[in-house]
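S.K.: Shown below is the structure under consideration.
The values are calculated or read from the model by the stated rules, or taken from the named source; none is laboratory data. Please read all numbers here as calculations on a predicted model, not as lab measurements. Positions of Cβ are generated from backbone atoms using ideal geometry, with glycine treated the same way; all protein chains shown enter the neighbour counts. With ligands, DNA and RNA removed, areas are computed over all heavy atoms of the protein, side chains included. Shrake-Rupley method; radii C 1.70, N 1.55, O 1.52, S 1.80 Å.
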Amino acid sequence: MNNTAKKDTTPLVESSYYEAVTAAIRSEAKRLLEAGEVTAVIGYTGGRRKGSAQPAIVTEAAAADTLVFSPSSVNNLSLYLTKAKKEVKKGGKVAIVAKGCDLKALAGLMGESQLKRENLFIIGISCAGVHGTGIAPSEPLSAASIARKCRECSVHMPEGVDFTAGTLPKLEPLTAIESEELARLEAMTPAERWAFWRSHLSRCIRCLACRQVCPFCYCEQCLCDRNRPQGVESTPRPAGNMGWHIVRAMHLAGRCAGCAECERSCPMDIPLNLLNRKMARELKELYGQEAGMEPQEKGPLTQYKEDDDQSFIK
Ligand code: SF4
Ligand code: SF4
Ligand code: SF4
């Protein structure tokens, strides 16, 4: 999606804010590794381009000074704690750098028995925001460059963490884009909505980047990869695309943490997080449940109660 709709490039925070968060992460990571409290720290390190940040796993105290936090620290690092990355956890307790929106994914993974809190040291970030897609890493955080999810963030301050890096600067409110987008979707007739999604999903090339980057797509055998029998047509044709996206949306309903990593990774600019957010709203209205609020929560679509409404069965 277009993150440059607002062209105001005035920096939202001083660069010293990111420097202070970086310094705090480094000193805590160093302390943890020196004391042997954790075997690894999952965080961000600088990339080749000025200001860029990419996921990194640091296992030596001497390397703690390579860790950074910048507006480019976009990845949801909880992905590195799923079954797909077994090698990361095998050494024992690990530390992870987590923004407020990433914490919801950690809580969800704990609720699904993929993680144990006691095996984790969480370095939470007092988070002013990160870049949206397509922004040069060296650009300061501004109304024009900030990710859409950050414009209406409710989790700038991490809760329930073991250490908090940095101090949150004063943040001016920004115009909401995601809520307006959801309101526009909900105002459509069913036929308009169908046409809207068919048009967007027809662009899908089935690269599966959205699946690979999602912390909740950790099944070792994805239904969509099965070909004997085939669950979902794998070529990027309209019926298969619709099948894949319906499976994906239903599989993540009540579980999706709303990190927007799927949407950020999509090369075809498909508004995946709009679909996620619509599903999340439906689940909240129907079951009063919100993903990622409590680690012990099971999603409403993954548990059965004898008094569940059965009236839809004819
Ligand atoms: S949504 Fe909130 S916690 Fe997440 S990156 Fe944006 S500002 Fe930080
Ligand atoms: S990342 Fe985008 S193009 Fe790739 S499979 Fe997902 S929706 Fe389709
Ligand atoms: S579906 Fe997308 S927004 Fe939801 S947890 Fe997965 S990557 Fe994050």
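S.K.: Can you spot the aspartates and glutamates whose alpha carbon is less than 16 Å from K89's alpha carbon? Ignore those fewer than 8 places along the same chain.
M.R.: Within the straight-line limit of under 16 Å, K89 reaches these aspartates and glutamates: E37, E60, E118.
S.K.: Could you compute Rg(Cα) / (2.2 N^0.38 Å) for segment 239-282, with N its residue count?
M.R.: Numbers: Rg = 10.1 Å, N = 44, 2.2 N^0.38 = 9.3 Å.
Normalised Rg, Cα atoms only: 1.09.
S.K.: Rounded to the nearest 500, what is the 222 nm mean residue ellipticity of the chain from helices alone, with -39500 (n - 2.57) per DSSP H run of 4+ residues and division by all residues?
M.R.: Working: 10 runs with 103 residues, N = 314.
Theoretical 222 nm ellipticity from helices: -9500 deg cm²/dmol.
S.K.: Given Cα pairs under 8 Å that are at least 6 residues apart, what percent is the relative contact order of the chain? Mind showing how you got there, number by number?
M.R.: Numbers: 538 pairs, mean separation 59.9, N = 314.
Contact order relative to length: 19 percent.
S.K.: Apply the Karplus curve 6.51 cos²θ - 1.76 cosθ + 1.60, θ = phi - 60°, to the phi angles in segment 253-264 and return the couplings in whole Hz, x for Gly and Pro.
M.R.: For segment 253-264, the Karplus curve yields 4, x, 10, 3, 8, x, 6, 6, 5, 4, 5, 4 Hz.
S.K.: How high is the relative contact order of segment 75-201, given as a whole-number percent (alpha carbon pairs under 8 Å, six or more residues apart)? Mind dumping the intermediate values first?
M.R.: On the way: 143 pairs, mean separation 27.7, N = 127.
The normalised contact order for segment 75-201 reaches 22 percent.
S.K.: Hey, got the dipole for the chain? About the Cα centre, +1 on K and R Cβ, -1 on D and E Cβ, debye to the nearest 20? Don't jump to the answer; show the numbers that get you there.
M.R.: Values: 41 positive and 37 negative charges, 205 e Å.
Charge dipole, the chain, about its Cα centre: 980 debye, nearest 20.
S.K.: Taking only Cα atoms, what is the 0 to 90° angle, nearest 10, from helix 100-111's long axis to the longest principal axis of the chain?
M.R.: 70
S.K.: While we're here: On average, how much accessible surface per residue is there in segment 129-187, in Å², for a 1.4 Å probe, leaving out ligands, DNA and RNA? The partial results should precede the final answer.
M.R.: Numbers: 2820 Å² over 59 residues.
Value returned for segment 129-187: 48 Å² of accessible area per residue.
S.K.: Next up: Hand me the GluC sites (Glu not before Pro) from segment 153-184 located in a DSSP loop with no more than 10 other Cβ atoms within 10 Å, in residue order please. Could you put the intermediate results ahead of the total?
M.R.: Values: sites: E159, E178, E180, E181; in loops: E159.
Qualifying residues, ordered by number: E159.
S.K.: Determine how many Å³ per residue the convex hull of the Cα atoms of the chain encloses.
M.R.: Numbers: hull volume 48.8 nm³, N = 314.
In the chain, the Cα hull volume divided by residue count equals 155 Å³.
S.K.: Each label point is 7 Å from the Cα along the Cα-to-Cβ direction; what then is the distance between the points at D225 and E152, in nm?
M.R.: Calculated label separation equals 3.5 nm.
S.K.: Calculate the all-directions average of the projected area of segment 128-211's alpha-carbon convex hull, and give it in nm².
M.R.: So the mean shadow area of the Cα hull is 8.6 nm².
S.K.: Right, next: Please give the helix 178-187 orientation as an angle from the longest Cα principal axis of the chain, in degrees from 0 to 90, rounded to the nearest 10.
M.R.: So the helix axis and the longest Cα principal axis differ by about 10 degrees.
S.K.: What is the angle, in °, between the Cα long axis of helix 272-287 and the longest principal axis of the Cα atoms in the chain? Nearest 10 is fine, range 0 to 90.
M.R.: 70
S.K.: A follow-up question, please. Based on Cβ point charges of +1 for Lys and Arg and -1 for Asp and Glu, what charge dipole magnitude is obtained for segment 150-286 about its Cα centre, in debye rounded to the nearest 20?
M.R.: Around 540 debye, computed over segment 150-286.
S.K.: Can you pull the one-decimal nm distance between simple spin-label points at E282 and A35, each 7 Å off the Cα toward Cβ?
M.R.: Once both label points are built, they end up 4.7 nm from each other.
S.K.: 7 Å from Cα along Cα→Cβ at both D65 and S179: what's the point-to-point distance in nm?
M.R.: In this crude spin-label approximation the distance works out to 4.5 nm.
S.K.: Another question, then. Once the Cα gyration tensor of segment 159-204 is found, what semi-axes does its equivalent ellipsoid get, as square roots of 5 times the eigenvalues, in whole Å, sorted largest first? Write out the running numbers ahead of the final one.
M.R.: Working: eigenvalues 279, 49, 21 Å².
Equivalent ellipsoid of segment 159-204: 37, 16, 10 Å, largest first.
S.K.: Based on alpha-carbon positions alone, could you give the equivalent ellipsoid semi-axes of segment 35-128 from the gyration tensor, as √(5λ), descending, whole Å?
M.R.: Values: eigenvalues 87, 53, 26 Å².
Gyration-tensor ellipsoid for segment 35-128: 21, 16, 11 Å.
S.K.: Further, regarding this structure: Write down the percent of antiparallel bridges among all DSSP beta bridges whose residues are both part of the chain, to the nearest 5.
M.R.: 50
S.K.: Now for a separate question. For segment 27-44, just list the computed ³J(HN,Hα) in residue order, Karplus coefficients 6.51, -1.76 and 1.60, θ = phi - 60°, integers in Hz, with x standing in for Gly and Pro.
M.R.: Working through the residues one at a time gives 5, 6, 4, 4, 4, 5, 6, 5, 7, x, 6, 9, 9, 7, 10, 8, x, 10 Hz.
S.K.: Then there is this: From the square roots a ≥ b ≥ c of the eigenvalues of the alpha-carbon gyration tensor of segment 195-310, which class results: rounded (a/c under 1.5), prolate (a/b over b/c), or oblate?
M.R.: Numbers: a/c = 1.72, a/b = 1.47, b/c = 1.17.
Prolate, because a/c is 1.5 or more and a/b exceeds b/c.
S.K.: Just need log10 I(q)/I(0) for segment 45-97 at q = 0.26 Å⁻¹, Debye formula, equal scatterers on the alpha-carbon atoms, no solvent, rounded to two decimals.
M.R.: -1.13
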